[in-house]
There are 2 protein chains.
Amino acid sequence: MQSYTEENYLKIIYHLSEISHPVQTNAIAERIQTKAASVTDMIKKLSEKELVNYVKYQGVTLTEKGKLTAINIVRKHRLWEVFLVDKLNFKWDQVHEVAEELEHIQSNLLIERLDEFLDFPKVDPHGDPIPDKHGNFAEMTFVKLSKLKDGDQGTITGVSEHSSAFLKHLEKLGLTLGKRVEIIDVVEFDGSVELLLEHEKLNISREVAKHILITKN
Amino acid sequence: MQSYTEENYLKIIYHLSEISHPVQTNAIAERIQTKAASVTDMIKKLSEKELVNYVKYQGVTLTEKGKLTAINIVRKHRLWEVFLVDKLNFKWDQVHEVAEELEHIQSNLLIERLDEFLDFPKVDPHGDPIPDKHGNFAEMTFVKLSKLKDGDQGTITGVSEHSSAFLKHLEKLGLTLGKRVEIIDVVEFDGSVELLLEHEKLNISREVAKHILITKN
DNA sequence: AATTATTTTTAGATTTGTCTAAAATAAGAA
DNA sequence: TTCTTATTTTAGACAAATCTAAAAATAATT
């Protein structure tokens with residue numbers, strides 16, 4: 001069993017692993033709101049527990065055991081997010097902090113029953129995939145909206161930025177999960193995208209487009 | 001804001017206050033699975049935060065502020081228990097440990113939405129009253145089953161013992177919340193109670209009867 | 001390759017909550 | 001009242017997670 005803090009480190013290392021491999025001490029420190037020295041201490045502890053592979057000055061990677069632990073926390077986080085949105089009418093920009101706490105509740109029965117209660121959702125309110133209890137993810141076929149060309153069509157199925165500010169902005173524009181969009185034009189000057197959303201013309205910045213995930217269909 | 005540990009102390013002190021007033025150090029130590037010395041330390045801390053009134057060697061009482069905090073934790077605990085039983089199909093003897101963790105999640109929005117989602121329940125799965133957000137309890141008119149006389153009738157509306165062993169025992173006997181019972185005889189020899197439950201005769205020990213709460217009607 | 005800058009680690013201190021062992025106080029019995 | 005017992009508190013130590021400041025290693029630059 002891991003402590004609350006250890007679980008948080010594992011989760012952050014898991015997420016950062018998707019960007020850089022191995023993960024640097026400073027990157028963890030930044031994400032976890034702490035100092036590099038503290039990270040080094042914790043990494044040593046996790047290394048002794050065989051949850052991470054650690055080589056001094058070279059950063060860390062998760063061991064198989066550490067990865068499974070991390071994925072389980074991600075699973076819990078995302079299931080709770082679905083609960084908050086689907087059952088308690090939270091907005092998609094309100095769920096993160098609460099799920100951050102709920103993900104540490106220790107009870108397999110609870111999480112399996114929650115999964116069932118929510119009807120085994122495959123994605124969370126931001127379109128992120130929810131692993132099953134064995135740690136397996138369903139295949140996702142996302143494309144960043146910013147990569148689409150004129151005439152391309154698709155459905156919004158996820159976002160890659162979870163800040164409240166960004167999510168509220170999308171909400172205001174009507175760019176929520178499940179909506180169909182068609183690209184009218186990609187402006188060469190600034191990379192902004194002209195698109196059609198429910199017969200309405202819309203222009204979004206390249207910055208925004210980069211964080212909207214589309215499934216072509 | 002209080003720490004997880006502080007919250008637990010406040011909750012225990014609150015519950016013990018119903019038995020003895022003020023609450024003794026050793027009583028807290030026993031309930032919280034720790035040593036008297038640790039309790040003294042924590043009590044001093046809570047006293048400095050004005051959550052308890054503390055006189056050396058004389059035990060503690062909750063201040064108004066401490067009491068409100070404690071009641072809020074009890075509220076959260078009981079609402080989560082209702083959720084687990086009503087929505088996730090937990091048995092009434094399975095909910096305590098998980099609720100013990102869930103009660104510490106910090107989010108007023110969460111708890112108000114949960115309350116609404118559960119349709120503002122007045123009692124938890126053991127018949128214990130759920131305070132409203134201001135800390136007010138609905139009036140309860142319980143009588144211990146062991147206090148009833150021959151011919152008395154009523155509905156089981158609560159239990160005053162929450163161990164899994166006891167609850168499973170009741171479950172097996174069919175003595176669950178909402179069931180109507182009629183007293184046939186109180187055996188003088190051992191205080192055991194003969195009763196009628198859905199046209200079935202049943203004999204329960206005085207020990208069991210003491211922990212079943214009845215609303216006469 | 002030598003120097004500078006950045007990143008990471010060590011060493012030692014701090015905070016929270018806990019502990020043991022000993023001292024102080026309160027309560028009960030003779 | 002005095003002795004004995006039980007309860008509570010103090011003093012000092014410990015583990016977990018953090019911090020600052022300084023040292024060490026790595027990376028970047030000239």
Does any residue of segment A:99-116 turn out to be in a loop (DSSP other than H, G, I, E, B), surrounded by 16 or more Cβ atoms within 10 Å (Cβ to Cβ), more than 14 Å from chain B (Cβ to nearest Cβ) and not basic (Lys, Arg)?
no
Out of the helices (runs of 4 or more DSSP H) lying entirely within segment B:3-50, which hold 1 or more residues that are under 14 Å from residue B:70 (Cα atoms) and within 11 Å of DNA strand C (Cβ to nearest atom)?
B:4-17, B:36-48
Please give the number of the condition residue B:102 fails out of (1) free of Cβ contacts under 8 Å to residues at least 24 places away in the same chain; (2) away from DNA strand D (no atom under 16 Å from the Cβ); (3) among the hydrophobic types (A, V, I, L, M, F, W, C).
(1)
Within segment A:33-41, is even one residue more than 14 Å from chain B (Cβ to nearest Cβ), within 21 Å of the chain's Cα centre (by Cα), buried (at least 18 other Cβ atoms within 10 Å of the Cβ) and within 13 Å of DNA strand D (Cβ to nearest atom)?
no
Quick one: in segment A:53-80, which of the residues that are within 16 Å of DNA strand C (Cβ to nearest atom) and either in contact (Cβ under 8 Å) with a residue 40 or more places away in the chain or among the hydroxyl-bearing types (Ser, Thr, Tyr) (or both) is surrounded by the fewest Cβ atoms within 10 Å (Cβ to Cβ)?
A:57
Looking only at segment B:85-103, which residues are β-branched (Val, Ile, Thr) and in contact with a helix residue (DSSP H, G or I) (Cβ under 6 Å, 6 or more places away or on another chain)?
B:95, B:98
Looking at B:128, B:119, B:150 in this structure, which one is of a type outside the set (A, V, I, L, M, F, W, C) and surrounded by 14 or more Cβ atoms within 10 Å (Cβ to Cβ)?
B:128
Does segment A:6-29 include one or more residues that are touching a residue at least 60 places away in the same chain (Cβ under 8 Å), within 14 Å of chain B (Cβ to nearest Cβ) and within 8 Å of DNA strand D (Cβ to nearest atom)?
no
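Rule-based calculations on the coordinates, nothing more; no lab input. Since we're looking at a predicted model, the values are computed, not measured. FYI the Cβ positions are ideal-geometry reconstructions off the backbone, even for glycines, and counts take in every protein chain you see.
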